[in-house]
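Q: Handing you a structure now.
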Amino acid sequence: MKHTLSRVQAKPLAAAVALLAGLPVASVNADAVTRTFANPRPIVIQDTCADPELPECAALLETYTAEGAPAVPVKAAKTYPSMINVPKSAFPKGAKIKDVNVTIKGLYHDYLNDVDMLLVGPNGQYVMLASNVSSAGATPEGGVLGIVAENLNWKFDDSATLPLPRTTRNNGRLSNRTTNALYNVIYEEWVDVWTDTALRTYKPSDYDNNPDTDHFPAPAPVELQDPETSIALTPTTVLTTPTPGDESTYKIVTNGPKLATFNGADPSGQWKLYVVDDFYWFAGEIKGGWSLEITADDDQSCSLQ
């Protein structure tokens with residue numbers, strides 16, 4: 001005999017089954033289920049030669065700036081990719097993604113501009129989480145014109161007000177020059193952005209800047225392995241320039257990567273985080289690993305036989 005539960009009746013049953021199975025239930029309601037999955041294993045961000053003060057590292061500056069120099073190497077993280085498995089039992093049968101958020105825990109790096117992070121879903125869709133944030137540069141002697149990242153914690157969420165900034169400024173000001181009218185415009189979301197160790201929430205942030213082509217070695221998606229073409233495959237973050245005194249022009253994001261790319265897909269399977277360093281100096285680590293928060297809806301009733 002076949003018994004069919006209504007949609008409303010099925011939700012409490014799904015929650016009870018999940019709890020008995022030890023699944024991480026964040027919330028269950030009539031429309032959607034939200035669960036969080038984590039991989040706490042550290043991700044070591046490698047580089048060709050981490051310490052620019054070493055003679056062999058300092059020599060790389062001449063190697064890669066000389067006429068006819070080879071392309072700057074992209075170095076994959078030691079764990080590449082870092083993976084989170086979402087089991088089919090985590091969500092009701094037929095559930096489809098409504099929302100995805102990603103948290104990066106304990107990011108350390110001397111030169112954040114070099115770090116690129118790409119999320120790839122089980123069905124092959126991908127979103128750049130962070131690339132070329134913090135417009136740090138280096139002096140010819142190897143000195144860093146930025147703030148060293150120590151234990152930064154970022155949550156990437158489409159609903160955030162702003163992406164991470166492309167600036168070394170840590171005070172939220174839109175200009176460093178006191179004579180610039182934007183000097184007095186401060187975005188609170190960017191105050192202490194490079195030093196606050198509390199969990200901060202931002203939109204995915206990708207600042208493509210040729211010749212940095214944001215490519216990822218295999219086994220990343222094959223189309224992102226080619227440095228000649230990969231830059232066009234990930235949306236560049238664009239913020240409009242505000243008009244001083246006109247708050248209606250502030251904090252407007254007109255383009256950029258979106259985690260909504262995953263919406264409508266099956267949440268189950270292997271989620272992969274690819275992390276690379278696209279320069280030849282400075283290494284780092286994501287000491288706390290990462291986590292994935294997925295909200296999925298159930299468009300079907302639950303049947304028991």
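One line per residue, one yes/no per condition, for (1) in contact with a strand residue (DSSP E or B) (Cβ under 7 Å, 6 or more places away or on another chain); (2) within 30 Å of T48 (Cα to Cα):
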position	(1), (2)
A232	no, yes
T243	no, no
F282	yes, yes
I286	yes, yes
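Q: Of all the residues that make up the stretch 85-97, how many are crowded, with 18+ Cβ neighbours inside 10 Å, over 28 Å from N151 (Cβ atoms) and out of contact with any Asp or Glu (no Cβ under 8 Å at 6 or more places or on another chain)?
A: The total comes to 1.
Q: A further question follows. What about D246, is it at pLDDT below 95 and either touching a Phe, Trp or Tyr at 6+ places or on another chain (Cβ under 9 Å) or among the acidic types (D, E) (or both)?
A: no
Q: Which of the residues belonging to the stretch 178-196 are surrounded by 13 or more Cβ atoms within 10 Å (Cβ to Cβ), without any contact (Cβ under 8 Å) to a residue 60 or more places away in the chain and part of a loop (DSSP other than H, G, I, E, B)?
A: Matches in the stretch 178-196: N180, D192, V193, T195, D196.
Q: Would you please name the residue that is surrounded by the most Cβ atoms within 10 Å (Cβ to Cβ), looking only at residues in the stretch 197-225 that are of a type in the set (D, E) and more than 17 Å from the chain's Cα centre (by Cα)?
A: My answer is D212.
Q: Could you look through the stretch 191-210, keep only residues that are more than 23 Å from A260 (Cβ to Cβ) and in contact with a Ser or Thr (Cβ under 9 Å, 6 or more places away or on another chain), and pick out the one that is modelled with the lowest pLDDT?
A: Only one residue fits best here, namely N209.
Q: Now a separate question. Identify all residues within the stretch 40-84 that are assigned to a strand (DSSP E or B) and either surrounded by fewer than 18 Cβ atoms within 10 Å (Cβ to Cβ) or in contact with a helix residue (DSSP H, G or I) (Cβ under 7 Å, 6 or more places away or on another chain) (or both); write none if there are none.
A: Matches in the stretch 40-84: V44, M83.
The values are calculated or read from the model by the stated rules, or taken from the named source; none is laboratory data. All values derive from a computational prediction rather than experimental measurement. Every residue, glycine as well, gets a Cβ built from its backbone with ideal geometry; the counts of neighbours run over all protein chains shown.
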